[in-house]
Amino acid sequence: MTALPATSRRAALVTGASRGIGRAIALRLAADGFDVAIGYAGNAARAEETVAAARAAGANAIAVQGDVAQAPDVARLFDAAQQAFGRLDVVVNSAGIMTLKPVAPASVDAFDQTIATNLRGAFLVLGEAAARLGQGGRIIALSTSVIARAFPGYGPYIAAKAGVEGLVRVLANELRGRGITVNAVAPGPVATDLFFEGKSEEQVAQLAKLAPLERLGTPDDIAAAVAFLAGPDGAWVNAQVLRANGGYA
Ligand SMILES: NC(=O)c1ccc[n+]([C@@H]2O[C@H](COP(=O)([O-])OP(=O)(O)OC[C@H]3O[C@@H](n4cnc5c(N)ncnc54)[C@H](OP(=O)(O)O)[C@@H]3O)[C@@H](O)[C@H]2O)c1
C-alpha cells in the first residue's frame, strides 16, 4: 500500500453530522482546513449531502454510519476516519436525541433510550477520542443550556447532558500531560429538527424570546463556538462548558 501524501490539513471526526448542528460544525471545520469524517445514524442521503458540501469547501470527507451507543460502531467510525485521513486531531460529539417525558415510571423506556444515545454515546465517543488523539488534540462534546432552566418534561434529556458535562471535566483531568483539551458547548434553543419536533408555532416563538438576544440560535452560531475551541485561539480553554445561547441561561 502506498503511503498517504504529506498534508498540512488536519482531520476532524464529527458525530451526528448528517443534519442540524453537527452538519454545520462539519462544514465550518471543512472551511477552516480540516478533513472531516461525518458520523450519522440512519440518514445516508443527508450524510452524503454533507460530504458533498464539505468536498465543495475543499476538504476530504467521508460518511460513516453507526450508532454512538454501540462500542463496535464507534470504533469503526474512528478506524474509518484514521484510515481515510491518516490522522485525527479533533473529535466533536454532536449526535443526540431529545424526547420530552415526565419523571414517571411510564417514561423509563424513553429515559433508557435518551441515556443510551446521549450519555453512553458520549462516553464511548470521548473514550475512543482519548485513546486515539495525540498532542494538540481537541475533544468537544455537545451539552445543553436547558440544564439551567429545568423545564418540566426535560428530565431524561437533562440527566443525560448533566452526565456529559461531568464526563468532560473528568476526562480533561485523565488526559493530564497529553496536551489535549476537553470541553463542552451547551447551546440554547437552536433551529434544527431536534428543537422543532413536537412544538407548536407559539411554543417556538415563546422559546425564541427567552434569550435577551430574542431569537433562536442557528447551527452556524454553535459551529462558530466549536470552531473556536477546535482552532488555535481555543488552545488555553480546557475542562469548560461554553454556554452559547444568546444569554438564555
Ligand atoms: N437543537 C437544539 O436546540 C439543541 C440545543 C442544545 C443542545 N443540542 C444538542 O446538540 C446536538 C445536535 O442536535 P441537533 O439539534 O443538531 O439534532 P438533529 O438535527 O436532530 O440531528 C441529530 C444528529 O444526530 C444523529 N444521531 C441521532 N441518534 C444517533 C445515534 N444513536 N447514533 C449516531 N448518530 C445519531 C442524527 O443522525 P441521522 O440524521 O442519521 O438520524 C443526526 O445527524 C445534540 O447533542 C443535542 O442534544 C441541541
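Coordinate-derived values only; no laboratory data. In this text, all values refer to a predicted model and were calculated from it rather than measured experimentally. Every residue, glycine as well, gets a Cβ built from its backbone with ideal geometry; the counts of neighbours run over all protein chains shown.
If you scale each eigenvalue of the Cα gyration tensor by 5 and take the root, what three semi-axes come out for the chain, rounded to whole angstrom and sorted largest first? The partial results should precede the final answer.
Values: eigenvalues 163, 72, 66 Å².
Its equivalent ellipsoid spans semi-axes of 29, 19, 18 Å.
Binning all Cα-Cα separations of region 106-175 at 5 Å, short to long from zero, yields these whole-percent fractions: 3, 16, 26, 21, 15, 10, 6, 2, 1, 0. Sorted fewest first by neighbouring Cβ atoms within 10 angstrom, Arg46, Arg215, Arg10 come out as Arg215, Arg46, Arg10.
Suppose R0 equals 25 Å; then what is the FRET efficiency for Phe151 and Asp193 from their Cβ-Cβ distance, rounded to the nearest 0.05?
Details: r = 19 Å, r/R0 = 0.76.
Here the calculated transfer efficiency is 0.85.
For the chain, the longest principal axis of the Cα atoms and the long axis of helix 219-230 meet at an angle of about 50 degrees.
So what is the 222 nm mean residue ellipticity for the chain from helices alone, if each DSSP H run of at least 4 adds -39500 (n - 2.57) and you divide by all residues, rounding to the nearest 500 deg cm²/dmol?
Values: 10 runs with 107 residues, N = 249.
Roughly -13000 deg cm²/dmol at 222 nm, from the helical runs in the chain.
The fewest-to-most ranking of Val108, Val241, Val14, Val168 by surrounding Cβ atoms within 10 Å reads Val108, Val241, Val168, Val14.
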